[in-house]
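Asker: Input: one structure, supplied below.
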Amino acid sequence: MSDFTIEDLEGVVRARLANGDETSYTKTLADKGLDKVAEKFGEEAIETIIAAVRRASDELISETADVIFHLTVLLSLQGVAWADVMAELERRTSQSGLEEKASRKAPQ
Ligand SMILES: N=c1c2ncn([C@@H]3O[C@H](COP(=O)(O)OP(=O)(O)OP(=O)(O)O)[C@@H](O)[C@H]3O)c2ncn1[C@@H]1O[C@H](COP(=O)(O)O)[C@@H](O)[C@H]1O
């Protein structure tokens, strides 16, 4: 089990956004703007879907890592912390997903 956490990744990404130069993929991607980062995230998500439907576990791990990395860049650029996302996920633990879905249905 790796000790590397999503907060560690977020720290690396934030440092590159603040101090990175042309040798940094994070910085060069971010300099293309939020829309480009979002597009890249979408591409990686599609590659993750392809790995999943192919039942290819090694590919799935690799593509999921790409998704998480690009999502971390996207969140950081937008000033959103993973802690905010985790707090939202924690809030949701008080209710099942199906209960939440039912609560969103418009009254008949
Ligand atoms: N986890 C990652 C990570 N995952 C994926 N990638 C990069 O994401 C890119 C996406 O790959 P693709 O093949 O889809 O795209 P590409 O052809 O390289 O890019 P495009 O020309 O399509 O834009 C690759 O260049 C990968 O190296 C990452 N780049 C950086 N990190 C982390 O960020 C840290 C800082 O990296 P730098 O910013 O490069 O210093 C690294 O030490 C890692 O911890």
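Asker: Look through segment 55-67, keep the residues that are of a type in the set (A, V, I, L, M, F, W, C) and surrounded by 15 or more Cβ atoms within 10 Å (Cβ to Cβ), and return whichever of them is farthest from the ligand (Cβ to nearest atom).
Answerer: Residue satisfying both the conditions and the ranking: 60.
Asker: Please work out if residue 81 is in contact (Cβ under 8 Å) with a residue 12 or more places away in the chain and surrounded by 12 or more Cβ atoms within 10 Å (Cβ to Cβ).
Answerer: So residue 81 passes the test.
Asker: Here's another thing I want to ask about it. Can you tell me which residue within segment 22-38, out of those that are more than 9 Å from the ligand (Cβ to nearest atom) and free of Cβ contacts under 8 Å to residues at least 24 places away in the same chain, is farthest from residue 71 (Cα to Cα)?
Answerer: Per the criteria, the residue is 22.
Asker: Here's something else I'd like to know. Residues being more than 9 Å from the ligand (Cβ to nearest atom) and of a type outside the set (A, V, I, L, M): count how many of those fall in segment 1-20.
Answerer: Residues that pass the stated criteria total 8.
Asker: Pairs under 6 Å by beta carbon, first residue on the phi < 0 side of the Ramachandran plot in segment 1-16, partner of a type outside the set (A, V, I, L, M) and within 10 Å of the ligand (Cβ to nearest atom), six or more apart or different chains?
Answerer: The qualifying pairs are 9/72; 10/72; 13/26; 13/72; 16/24; 16/26; 16/27.
Asker: So is residue 98 buried (at least 16 other Cβ atoms within 10 Å of the Cβ) and not β-branched (Val, Ile, Thr) or not?
Answerer: In short, no.
Asker: Can you find a residue in segment 79-98 that is among the polar types (S, T, N, Q) and touching a helix residue (DSSP H, G or I) at 6+ places or on another chain (Cβ under 9 Å)?
Answerer: The answer is yes, given that some residue of segment 79-98 is among the polar types (S, T, N, Q) and touching a helix residue (DSSP H, G or I) at 6+ places or on another chain (Cβ under 9 Å).
Each value in this text was obtained by applying a stated rule to the coordinates, not by laboratory testing. Since this is a predicted model, take the numbers as computed values, not measurements. All Cβ positions, glycine included, derive from the backbone under ideal geometry; neighbour counts span all protein chains shown.
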